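Report on the following structure.
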Amino acid sequence: MPGKKSIKFKSLEFKDLDQIMEIEKLSNPTPWSIGSFIDCINSSYQNIVILQDDLLLGFCISTVNFTESHLLNISIHPDFRSQGMGQKLLDKTEKELTKKGVSDIFLEVRNSNIGAISFYKKNDYRNVGKRKNYYRLLAGREDGLIYTKHINLSSFVSISRFFLFFLKKIISFNRGY
Ligand SMILES: CC(C)(COP(=O)(O)OP(=O)(O)OC[C@H]1O[C@@H](n2cnc3c(N)ncnc32)[C@H](O)[C@@H]1OP(=O)(O)O)[C@@H](O)C(=O)NCCC(=O)NCCS
């Protein structure tokens with residue numbers, strides 16, 4: 001359709017790091033270092049970026065640990081917020097995590113981050129606790145709120161997906177890639 005912008009997803013790559021760092025610095029009061037993102041690429045984390053017509057708009061980093069995932073960072077470039085991009089990215093993240101057998105997602109969010117808290121609540125994340133002084137501020141510290149979401153897969157589907165994911169890892173390890 002003419003004029004319709006195409007949204008795509010891909011895994012984070014080293015060549016994306018300049019754009020990722022720009023978004024991170026505009027999004028996080030105490031931004032991650034480039035080294036943290038490099039560690040994510042070199043790990044088995046799920047690192048998804050969202051693109052609109054090849055322009056990188058945001059990213060979501062999450063760990064995968066058996067049936068649990070820790071959503072470590074999700075950010076959309078400020079120029080593209082409140083346009084449904086974060087929603088698309090979170091939907092894609094959850095979909096890919098469930099394919100890997102994840103049934104429970106955990107995350108921390110700054111106590112003062114009202115926008116992100118609304119975003120998570122809208123997506124059925126519920127507050128299950130607080131980590132005192134968890135986050136650094138430019139001056140001082142602030143609490144982190146712990147949110148979690150259970151993705152309602154039947155246990156059979158969840159276990160099958162986990163074993164399939166694990167099997168693929170073993171096969172690719174044996175093939176040396
Ligand atoms: C949180 C974030 C990823 C949301 O991305 P986004 O593209 O702006 O969100 P969307 O436009 O997809 O919003 C989806 C829903 O989330 C909620 N929401 C998102 N931003 C909100 C805000 N600032 N205030 C209130 N609700 C908000 C709304 O309910 C919205 O649904 P609606 O459009 O039907 O009202 C984005 O604001 C961001 O990058 N923030 C800075 C980084 C950050 O704080 N990350 C979270 C760290 S834990």
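When only residues in the range 109-148 that are of a type outside the set (Gly, Ala, Ser) and at pLDDT below 95 count, which is farthest from the ligand (Cβ to nearest atom)?
Checked the range 109-148; the qualifying residue farthest from the ligand (Cβ to nearest atom) is 138.
Enumerate the pairs (first residue in the range 132-152 and hydrophobic (A, V, I, L, M, F, W, C); second residue anywhere and assigned to a strand (DSSP E or B)) with beta-carbon separation below 6 Å, excluding pairs fewer than 6 apart on the same chain, so at least 6 apart or on different chains.
145/109; 145/127; 145/130; 146/108; 146/128; 146/129
Hey, among 34, 61, which residue is within 30 Å of residue 168 (Cα to Cα) and surrounded by fewer than 18 Cβ atoms within 10 Å (Cβ to Cβ)?
Checking each option against the conditions leaves just 34.
Taking the conditions exactly as written (out of contact with any Leu (no Cβ under 8 Å at 6 or more places or on another chain), buried (at least 17 other Cβ atoms within 10 Å of the Cβ) and in contact (Cβ under 8 Å) with a residue 60 or more places away in the chain), does residue 100 satisfy them or not?
So residue 100 fits the description; yes.
Restricting to the range 108-120, give me the number of residues that are in contact with a strand residue (DSSP E or B) (Cβ under 8 Å, 6 or more places away or on another chain) and assigned to a helix (DSSP H, G or I).
Selection size over the range 108-120: 3.
The values are calculated or read from the model by the stated rules, or taken from the named source; none is laboratory data. Only a predicted model underlies this, so the values are computations on that prediction, with no experimental measurement involved. Note that each Cβ is placed from the backbone with ideal geometry, even for glycine, and that neighbours are counted across all protein chains shown.
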